[in-house]
Amino acid sequence: MNTSKETERKSSAVTLSDMEMFIFPELIYSLVLANIMSPRIWRWRESSWFSSMESLSPYRRILRVKQYIMDNYVFNLDLDTWGLTTKEEELARFKGFISEDTLRQSNALFGYEGDKYYFDIDIRTHFGLDKYEGNVIPYWKTETVESMDAFRHKPYYNTGAGECVSLAALYTAALFIIAQIPLQDIYLMATPLHSQNFIDIGDGILTNNRRLVTKSMWFNGTALSAQARRALENERATIVAHETGCIHTIYNEATIDKDVYRHFSDKLRKFLKTPITDTILDNFLRHDRDIQKCFQIRWPLHGADCYIKAERVFSYEHGSPYRINNNTRKKLMDEIDTAEFDANKISERIVLNDMEDYTRTHRVNMKNQADVARLKELFASECLHSQQAIDTLSQFCCVDPQLPDIENKEYVKKGVPLGIDLDMTREEIIARLEHIRTENDAAAMAFYTYRDLNRTETDPFILAAIQRNPVSIKGAEKLNITEVADKIRKMHNESIYDEPGRLAQPDEVWNYDRGDGAERALLLANILKKRLPDTDIIIGIAPNQVTVKAGQASYDFQSQKGLKEQKWNISTLVR
């Protein structure tokens, strides 16, 4: 690997934009490892919410973690948090790594819109990008747990926050540290517009932003499950990451263990498939309101069979404790005005009761074309809409995930396994990662994601800081340099990162209005570099003090980060 690519990879491990993780998929797991090294999630163990965890089943422990995340973090994907870049800038940066045509086919920021669903909603409008020129795209940086926690310091936030990859990485680390789920049982999946995890416990569990989705929930037909199904139904998974490595849809080389990936693929497909039952049939109609118009329900009134449009019955579920597909159906039907019923069967509509009866006595596999054809023959007759309804039912019962091709890849084992298990302490895990960092890619990059400048060279961190932190530059554009320096000096003198050596990036300092002196010095240097591109800007580092020099001007900051004594010539490092 040439030096240029390695420098880009290391600096990408610092900023962790969606684009960077797409180019360097191993960074997804590096973020997981950085969160596992962090003291933050280990401190969750002290919460009374997690007392007596050892007495709970794995599923109950996972539920505890889920509720904690629900209570303490929200999903955030606004365009202002980490700023904007352009397609041209990103293409120029990664020229030689990947072609623009490949990006269009795989990356949402460069034209990928998935299946028809995403064309219908208009992705740029959906994300608020329509107010910018077509070449403008967001950075959408992925946050470490510290940066997620620090959202509490932003206006209008009462909890932590993060985007979907941040939440997926947070979940993985928390499930390992708190719920005691082995890393071997957790898989991270990234699609062009979403990230989620598959937990190999029982039938399987999906994390979906802050929530969890079990197999029964996947097929329950609610609005929440419909939202959870969206990515796997409409997008292909570009990356699957695991403790053994990763696989990427566009790269021929895969580092994930092939047998592990095959197991995951088989297990996920089983999770996304169910035989049709009367309950599943009713859940399907609840899931797809348009399809309700192809069905009617038969119900006896005063000793005679009557019929009612399915959509009318489902409308009565709203605000009612009764449901159409359990033993409260009679109570639900009793709430409906008799004037809504018809004495005659409604033409070209499937009688739901008859299909329910059939599925109770016949095991129907919606992946079996003969079974689907038999359903159409019995219930859809010549009605085209009813036949389409049965095809849609088949898609509801059997989602075929678009995973990276398992066969047409070159599986390569790089270095040594992570070797992290549940019995290890945080200190033992950090020592293990230190020991293998020259032989394991994810471990090596984890220390850059961890932002520990006493454990890594500084150039990648500075490169990321000066090249990819536009929010602070834009935020300060109406202030003169004296006012900028004064504003930075008045920020809260505390870092969002607890330990010595670990530094926040300039936009984190700006967004959260706080930072150690070393972090605030780098923030000032970022703004000065933009204002004074031809002036030498040098940051002098001492264990307790940091000095920024720009020409004849000098700015001093006190620091508690204990950095090694050194000088950063910003003008030389970033041209």
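The values are calculated or read from the model by the stated rules, or taken from the named source; none is laboratory data. Only a predicted model underlies this, so the values are computations on that prediction, with no experimental measurement involved. Cβ sites come from the backbone with ideal geometry, for glycine too, and all protein chains shown count toward neighbours.
Numerical summary
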| read-out | value |
| --- | --- |
| Yes/no for Thr328 being more than 35 Å from the chain's Cα centre (by Cα) and closer than 30 Å to Asp203 by Cβ | yes |
| Top-ranked residue of region 441-455 - restricted to ones that are within 24 Å of the chain's Cα centre (by Cα) and part of a loop (DSSP other than H, G, I, E, B), ranked as surrounded by the most Cβ atoms within 10 Å (Cβ to Cβ) | Tyr450 |
| Condition check for Tyr117: aromatic (Phe, Trp, Tyr), part of a helix (DSSP H, G or I), touching a helix residue (DSSP H, G or I) at 6+ places or on another chain (Cβ under 7 Å) and at pLDDT below 90 | yes |
| Enumerated helices (runs of 4 or more DSSP H) restricted to region 31-95, each holding at least 3 residues that are more than 23 Å from the chain's Cα centre (by Cα) and either in the same structural domain as Ala190 (by TED's automatic domain parsing) or hydrophobic (A, V, I, L, M, F, W, C) (or both) | 87-93 |
| The lone exception for Ile186 - which of (1) surrounded by 23 or more Cβ atoms within 10 Å (Cβ to Cβ); (2) among the β-branched types (Val, Ile, Thr); (3) more than 26 Å from Leu56 (Cα to Cα) it fails | (3) |
| Positions within region 392-419 being of a type outside the set (D, E, K, R), on the phi < 0 side of the Ramachandran plot and assigned to a loop (DSSP other than H, G, I, E, B), in sequence order | Val399, Pro401, Leu403, Pro404, Ile406, Asn408, Val412, Val416, Pro417, Leu418 |
| Those residues of region 509-561 which are under 14 Å from Asn493 (Cα atoms) and of a type in the set (Asp, Glu), in sequence order | Asp513, Asp516, Glu519, Asp556 |
| Qualifying residue in region 420-435 (condition: of a type outside the set (Val, Ile, Thr), without any contact (Cβ under 8 Å) to a residue 40 or more places away in the chain and either surrounded by 19 or more Cβ atoms within 10 Å (Cβ to Cβ) or touching a strand residue (DSSP E or B) at 6+ places or on another chain (Cβ under 7 Å) (or both)) | no |
| Checklist (1) among the β-branched types (Val, Ile, Thr); (2) touching a strand residue (DSSP E or B) at 6+ places or on another chain (Cβ under 8 Å); (3) not assigned by TED's automatic domain parsing to the domain that holds Ala34 applied to Val412, failing item | (3) |
| Count - residues of region 363-399 that are under 22 Å from Asn326 (Cβ atoms) and loosely packed, with under 13 Cβ neighbours inside 10 Å | 1 |
| Unique residue being on the phi > 0 side of the Ramachandran plot and either touching a strand residue (DSSP E or B) at 6+ places or on another chain (Cβ under 9 Å) or touching a residue at least 12 places away in the same chain (Cβ under 8 Å) (or both) when the list is Glu335, Glu340, Glu348, Glu317 | Glu348 |
| Residues that are surrounded by 14 or more Cβ atoms within 10 Å (Cβ to Cβ), assigned to a helix (DSSP H, G or I) and either more than 29 Å from the chain's Cα centre (by Cα) or not small (Gly, Ala, Ser) (or both), drawn from region 464-501 | Ile466, Gln467, Pro470, Val471, Ile473, Lys474, Ile481, Val484, Ala485, Lys487, Ile488, Arg489 |
| Selection from region 423-459 of residues that are more than 20 Å from Ile177 (Cα to Cα) and among the aliphatic types (A, V, I, L, M) | Ile436, Ala444, Met445, Leu453 |
| Filter pass, Arg455 being of a type outside the set (Val, Ile, Thr) and closer than 26 Å to Asn569 by Cβ | yes |
| Considering residues of region 26-54 that are charged (D, E, K, R) and more than 15 Å from Ala13 (Cβ to Cβ) only, the residue surrounded by the fewest Cβ atoms within 10 Å (Cβ to Cβ) | Glu54 |
| Residue that is surrounded by the fewest Cβ atoms within 10 Å (Cβ to Cβ) [pool: residues in region 203-226 that are among the polar types (S, T, N, Q) and in contact with a strand residue (DSSP E or B) (Cβ under 8 Å, 6 or more places away or on another chain)] | Thr214 |
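Listed here are the residues, each with its yes/no results for (1) under 26 Å from Asn325 (Cβ atoms); (2) at pLDDT below 95; (3) not assigned by TED's automatic domain parsing to the domain that holds Ala380.
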position	(1), (2), (3)
Lys215	yes, no, yes
Ser225	yes, yes, yes
Glu233	yes, yes, yes
Ala237	no, yes, yes
Val240	no, no, yes
Glu243	no, no, yes
Tyr251	no, yes, yes
Asp266	no, no, yes
Arg289	yes, yes, no
